[in-house]
Every structure is written in C-alpha cells, then in structure tokens.
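The values are calculated or read from the model by the stated rules, or taken from the named source; none is laboratory data. Remember, predicted model here, so these are calculated numbers, not experimental data. With ideal geometry, Cβ positions are generated from the backbone for all residues, glycine too; neighbour counts draw on all protein chains shown.
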Amino acid sequence: MDIERRIKEHFDASATAITAAAKALTPTISQAAQAAVGTLTSGGKLLICGNGGSASDALHFAAELVCRYERERQALAAIALPADTATLTAAGNDYDFERVFSRQVEALGRPGDLLVVITTSGNSPNILKAVTAASGIEHLGIIALNGKDGGQLPTLLRSTDIELRVPATSTAHIQEVHAIIIHCLCDLIDQHFIGHPE
C-alpha cells in the first residue's frame, strides 16, 4: 500500500465533500444560525443530540455555546443530551435505547427551545423518536444535521424545521462536514452577540 497516496486521497475526498456542502448548504446554514440566534435571544435553549461520533459533536457544540467559541461573550444556553450518563443508562434500562433522547426532550423541552439532532444516516431510532417528541411540543423548532439520502428523518420534519443534509455518502466525510457546519453556526452566533472582530 502507498500510505502517503492513501492519506492524500482522504484529504482530497474530504475537500470534495466540503466544497459540495458549501455550495449546497450555505443559505440553509445561514437560516439555521438565525433560528439558533432567535432561540437564544428570546431566552430559549438548544438541546443537542447524536450517537457515536455525532454524540461527540453534540458535546462539542454545547461546550462552544456554554463556554466560548473564539472570543469572550455571555454564556449561552445549550444542553448536550448524550452527556448525562445516569439518564442515558436509566432510560436505556427502564425503557429502551430508542428513548434515551426523547425522554430528555419530553422533560427539558419547552416552547421556544430548539432541538439540534446530528446523524449521518437519518435512520437512528433514538434520533427519530427525539424529533417526534420535539414535534409534539408547540413552538419547539428542529435543526437536523443529516447526510447520505436523508433516511427516514426528513419525513418527520415540519415545514418550519431545517435540514442540513451533507451531499456525501461516506460517514467519515459527513462527520467532517458536520464539524465545519457546527463551527459556522458558532461563528454566526458569535457575530450576533459580540459583533464583527476588529
């Protein structure tokens, strides 16, 4: 195996996915940022969830909002639903793993909040149930970071919800683009709360 060629191919494929996503999703990322800003400025919070690598992305996004992204600003309300081990294991044990996020949405979600789901396939049962739970709470919006062909998730989204579907088939490259989308959202949220950098 030509290891260096293999590495370059990975970078090239990732760059291709990033470029395609930038062309396809820029207006929708702007719309999602405006939705997040609207939620946060009106006193709402973001509830963020995902599985595996997407769970790490959920924790990452919440941390950037609660603490800081690149510059000092007020703390912003965000909760990463995969972070609570006791709740995850209790819901998984007492109900089943499909309800580990929906149970938290039912408990914590309020009108004016925003659920952010992160999935590479759009088919994770616990993500689908979280979306269904959020849809049952009036004025609780949904942003879905998705990938591949969208899976079942788009069929559950309302016209007011926002889907950011990465036009790629590789799970790894979808996750890489999701990370950039999250940083775009963090940057645009910062622009609202602290203005343009000098």
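With the requirement that a residue be in a loop (DSSP other than H, G, I, E, B) and in contact (Cβ under 8 Å) with a residue 12 or more places away in the chain, what does region 145-166 give you?
Filtering region 145-166 down to residues in a loop (DSSP other than H, G, I, E, B) leaves 148-152, 157-161.
Across region 145-166, the qualifying residues are Lys148, Asp149, Gly150, Gly151, Gln152, Leu157, Arg158, Thr160, Asp161.
Could you count how many residues in region 172-198 are in contact (Cβ under 8 Å) with a residue 60 or more places away in the chain and in a loop (DSSP other than H, G, I, E, B)?
1
Of these, Leu156, Leu59, Leu128, Leu140, which one is aliphatic (A, V, I, L, M) and touching a strand residue (DSSP E or B) at 6+ places or on another chain (Cβ under 6 Å)?
Numbers: Leu156 fails: touching a strand residue (DSSP E or B) at 6+ places or on another chain (Cβ under 6 Å); Leu128 fails: touching a strand residue (DSSP E or B) at 6+ places or on another chain (Cβ under 6 Å); Leu140 fails: touching a strand residue (DSSP E or B) at 6+ places or on another chain (Cβ under 6 Å).
Selected residue: Leu59, the only one of Leu156, Leu59, Leu128, Leu140 that is aliphatic (A, V, I, L, M) and touching a strand residue (DSSP E or B) at 6+ places or on another chain (Cβ under 6 Å).
Within the group Ala107, Ala91, Ala86, Ala130, which residue is surrounded by 22 or more Cβ atoms within 10 Å (Cβ to Cβ), of a type in the set (Gly, Ala, Ser) and either part of a strand (DSSP E or B) or at negative phi (or both)? Give the steps one after another, and end with the answer.
Numbers: Ala107 fails: surrounded by 22 or more Cβ atoms within 10 Å (Cβ to Cβ); Ala91 fails: surrounded by 22 or more Cβ atoms within 10 Å (Cβ to Cβ); Ala86 fails: surrounded by 22 or more Cβ atoms within 10 Å (Cβ to Cβ).
Only one candidate passes the filter, namely Ala130.
Which of the residues belonging to region 18-63 are crowded, with 23+ Cβ neighbours inside 10 Å and either among the small types (Gly, Ala, Ser) or touching a Cys at 6+ places or on another chain (Cβ under 6 Å) (or both)?
Ala21, Ala32, Ala36, Gly50, Ser54, Ala58, Ala62
Of all residues in region 31-66, which are more than 26 Å from Ser124 (Cα to Cα), of a type outside the set (A, V, I, L, M) and part of a helix (DSSP H, G or I)?
Gln34, Gly38, Thr41
Check Thr169, Thr120 and return the single one that is assigned to a loop (DSSP other than H, G, I, E, B), farther than 22 Å from Ala75 by Cβ, modelled with pLDDT of 95 or more and touching a strand residue (DSSP E or B) at 6+ places or on another chain (Cβ under 7 Å).
Exactly one residue qualifies, and that residue is Thr120.
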